[in-house]
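**Student:** Take a look at this one; I'll ask things after.
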Amino acid sequence: MVDWGAGRYETTAAELAPVAQVVVEHTGVGAGDDVVDVACGTGNAALLAAARGARVIGVDGAPRLLDVARERAAAEGVEIDLREGDLAALPVEDAAADIVVSVFGVIFAAVPIDALREIARILRPEAHAVITAWVPAGPIDAMLGAAGRVVARTSPKPPPKRFAWSDAAAVAGIAHDAGLELVSTDAAALPIRAASPEAYVDAGREHPMALAMRPALERAGTADEARAAMLAVLREANESPTAFLVHSPYVIHRLRRVG
């Protein structure tokens, strides 16, 4: 199980900030809107919405990340109501939101349809949610796959199959059952930069998911092998002759509460 408060998720949050900007612009959020940022992390999208004059609730399951979001809000002079809670039981009243956003957050729900039902519950009738999901393609996905194959050789059981959040048809199906309608799906790509492939991989050692994986690699004595496999993928995919640059594809789903 991943402890999202462990390590330095702040590094990844900073990397994802441009996506939060895209999402908030996509919503058209403005003064007076009630916004809920689901799995808000360190507050990227929540802060942007609050800066536009919205009343914002941010929900996350990691208390430490909520503390970081509070510090950022204080530093930026904006108000956000930050609450600890689970994706399947959001601590938000029924029909409280004009807009719900989730930047690579709801995609980690243990039971996807339960998370979408909660989003539908807190949305007002005809209100919208905008969520992002990684596409299982591109260099970062390939890097994670390379590491995963090293782990799989010594793991007693295969990892659970993940829901296809990037598949519009799959999302539309469970959204319908949750009381939502998939309105649109747009493709995008996030540029990811670092001083070098090595610097990127080493910074990623403090990501919560990497920390969760590390004990298995160390027990098997394959940590160095996994690092080498990741570096091989990133070096081949690197778009920069002097540093490190790759693009990671993702989708933006816009959903509407039905009724």
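**Student:** Under a GNM of the chain (C-alpha, springs under 10 Å), which listed residue has the highest mean-square fluctuation: A232, A129, A172?
**Tutor:** A232
**Student:** I'd like the carbon and sulfur percentage of the solvent accessible area for region 1-72, probe radius 1.4 Å, heavy atoms only, ligands and nucleic acids excluded. The partial results should precede the final answer.
**Tutor:** Working: 1520 of 2830 Å².
Carbon plus sulfur share of accessible area: 54 percent.
**Student:** Kindly work out what percent of the DSSP beta bridges joining two residues of region 7-115 are antiparallel, to the nearest 5.
**Tutor:** Details: 1 of 13 bridges.
Around 10 percent of the beta bridges assigned by DSSP in region 7-115 are antiparallel ones.
**Student:** Any chance you could give the angle, 0 to 90 degrees and rounded to 10, that helix 63-76 forms with the longest Cα principal axis of the chain?
**Tutor:** 70 degrees
**Student:** When ranked by the protection proxy of mean other Cβ atoms within 10 Å per residue, highest first, what sequence do the peptides 46-54, 136-144 form? Walk me through the numbers before you get to the answer.
**Tutor:** On the way: 46-54: 22.4, 136-144: 17.9.
Final packing ranking: 46-54, 136-144.
**Student:** Hey, any idea what % of region 88-178's accessible area is carbon plus sulfur with a 1.4 Å probe?
**Tutor:** That share works out to 62 percent.
**Student:** By how many degrees, 0 to 90 and rounded to 10, does the Cα axis of helix 9-27 deviate from the longest principal axis of the chain?
**Tutor:** Once rounded, one gets 40 degrees.
**Student:** Then there is this: Give me the accessible area per residue for the chain, probe 1.4 Å, as a whole number in Å². Don't jump to the answer; show the numbers that get you there.
**Tutor:** Details: 12190 Å² over 259 residues.
About 47 Å² of surface per residue is accessible.
**Student:** Report, in degrees rounded to the nearest 10, the 0 to 90 angle that the Cα long axis of helix 112-122 makes with the longest principal axis of the chain.
**Tutor:** 30 degrees
The values are calculated or read from the model by the stated rules, or taken from the named source; none is laboratory data. Just so you know, these numbers come straight off a predicted model, no measurement behind them. Backbone-built Cβ (ideal geometry, glycine too); neighbour counts: all protein chains shown. All accessible areas refer to the heavy atoms of the entire protein, side chains included, with ligands and DNA or RNA removed. Shrake-Rupley method; radii C 1.70, N 1.55, O 1.52, S 1.80 Å.
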